[in-house]
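Just below is one structure, and these are the notes that go with it.
Read-outs throughout are calculated quantities, based only on the coordinates presented, and are distinct from any laboratory measurement. Computed from a predicted model, the values in this text were never measured in an experiment. Reconstructed Cβ throughout: ideal geometry from the backbone, glycine too, with neighbour counts over all protein chains shown.
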Amino acid sequence: MTYPDIEQLAEVNDLLVLGGFHVETKDHVPQWAETVLLFGPSRGFWAGFTASPEWLDGAPDPMDRWSQRVLTGMADALNGVAIFPFGGPPFKPFFSWALQSGHAWQSPVNLLVHSTAGLMVSYRGAIALRERVALPAPGKRPCDDCAQPCLTACTPRALTGDGYDVPACKAHITSEKGKENKTLGCSVRRACPVSQSYARMEAQNAYHMRIFVGENR
């Protein structure tokens, strides 16, 4: 299959191809792998996911289980193997893979920023392929021509260019002052202009924030 063919297959499964790379070292992939493609939620992801058996059965980790089922099915159709960012340790180097794809970069706040998903980028998994698939040209880091509002968006200053204070972040989200963040999502991620055009569902942001602070879905 060509890259556009795989994009269409991903879209049917409520996913986007977020880039990929040609394999040079076999440290974290099958020895036969020639190409690795990275996948994340599409704009229609939340509606499809919340109608899935993994969401409806009430069991733990619905998104990881959904990712395993859907990406494994796609990998089978492509004669490849699905790889996931969860299930470790050891964990696969998704941060490095994202940088290697040429469509994601380290942002001013050190989180990954993607050419189309901005700071809302997330990777549900990857597929290793036997074929050397022709890949699109690398993108341009959006932060280079940006006013970088992400640097000042965090009210408690838990996430800045100086680092990420996770305990302070969680304390803010679970406080009265952090109610908006808990409902709408991280203010730093939402401040990114590319994130705003990605338009991820608010319900999806709220779900991730609840899981982040250790609450039930």
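What FRET efficiency would be calculated for the residue pair residue 3, residue 176, taking the C-beta separation as r and a Förster radius of 45 Å, to the nearest 0.05?
About 0.40, to the nearest 0.05.
Under a plain spin-label model, where a point goes 7 Å from the Cα along Cα-to-Cβ, how far apart in nm are residue 51 and residue 206?
In this crude spin-label approximation the distance works out to 2.0 nm.
How many lysine pairs are close in the chain, with Cα atoms under 30 Å apart and the two 8 or more places apart or on different chains?
So the count of such lysine pairs works out to 7.
Label segment 148-210 by shape, choosing from rounded, prolate and oblate, from the square roots a ≥ b ≥ c of the eigenvalues of the Cα gyration tensor; if a/c is under 1.5 it is rounded, and otherwise prolate applies when a/b is larger than b/c, oblate when it is not.
Oblate, since a/c reaches 1.5 and b/c is not below a/b.
Tabulate in residue order the Karplus-calculated ³J(HN,Hα) for segment 101-112, using 6.51 cos²θ - 1.76 cosθ + 1.60 with θ = phi - 60°, rounded to whole Hz; enter x for Gly and Pro.
5, x, 10, 9, 9, 6, 7, x, 9, 6, 6, 5
Could you derive backbone 3J(HN,Hα) for segment 145-153 from the dihedral phi with the Karplus parameters 6.51, -1.76 and 1.60 (θ = phi - 60°), listing whole Hz in sequence and x where the residue is Gly or Pro?
Each residue's phi maps through the Karplus curve to give 10, 10, 6, 6, x, 4, 5, 10, 7 Hz.
Can you give me the convex hull volume of the Cα atoms of segment 103-217, divided per residue and expressed in Å³?
126 Å³
Please give the direction-averaged projected area of the C-alpha convex hull for segment 1-117, in square nanometres with one decimal.
For segment 1-117, averaging the hull's shadow over all directions gives 8.2 nm².
Between segment 192-215 and segment 61-99, how many Å separate their Cα centres?
Their Cα centres are 20 Å away from one another.
Can you tell me the order of 77-86, 154-163 when each peptide is scored by its average per-residue count of other Cβ atoms within 10 angstrom, highest first?
Descending mean neighbour count gives 77-86, 154-163.
Rank by packing, highest mean first: peptides 136-146, 108-118, with packing defined as the count of other Cβ atoms within 10 Å averaged across residues.
108-118, 136-146
I'd like the GluC sites (Glu not before Pro) in segment 142-217 restricted to DSSP loop residues with at most 16 other Cβ atoms within 10 Å, sorted by number.
When the GluC sites (Glu not before Pro) of segment 142-217 are filtered for loop state and at most 16 Cβ neighbours within 10 Å, 176, 215 remain.
Ranked highest first by the average count of other Cβ atoms within 10 Å around their residues, in what order do 35-41, 190-196 fall?
Peptide ranking by packing, descending: 35-41, 190-196.
Taking amide H positions as placed in the peptide plane 1.01 Å from N, state which residues far from residue 16 in sequence (5 or more) or on other chains have amide H under 5 Å from it.
Distant-sequence amide H within range of residue 16: 40, 42.
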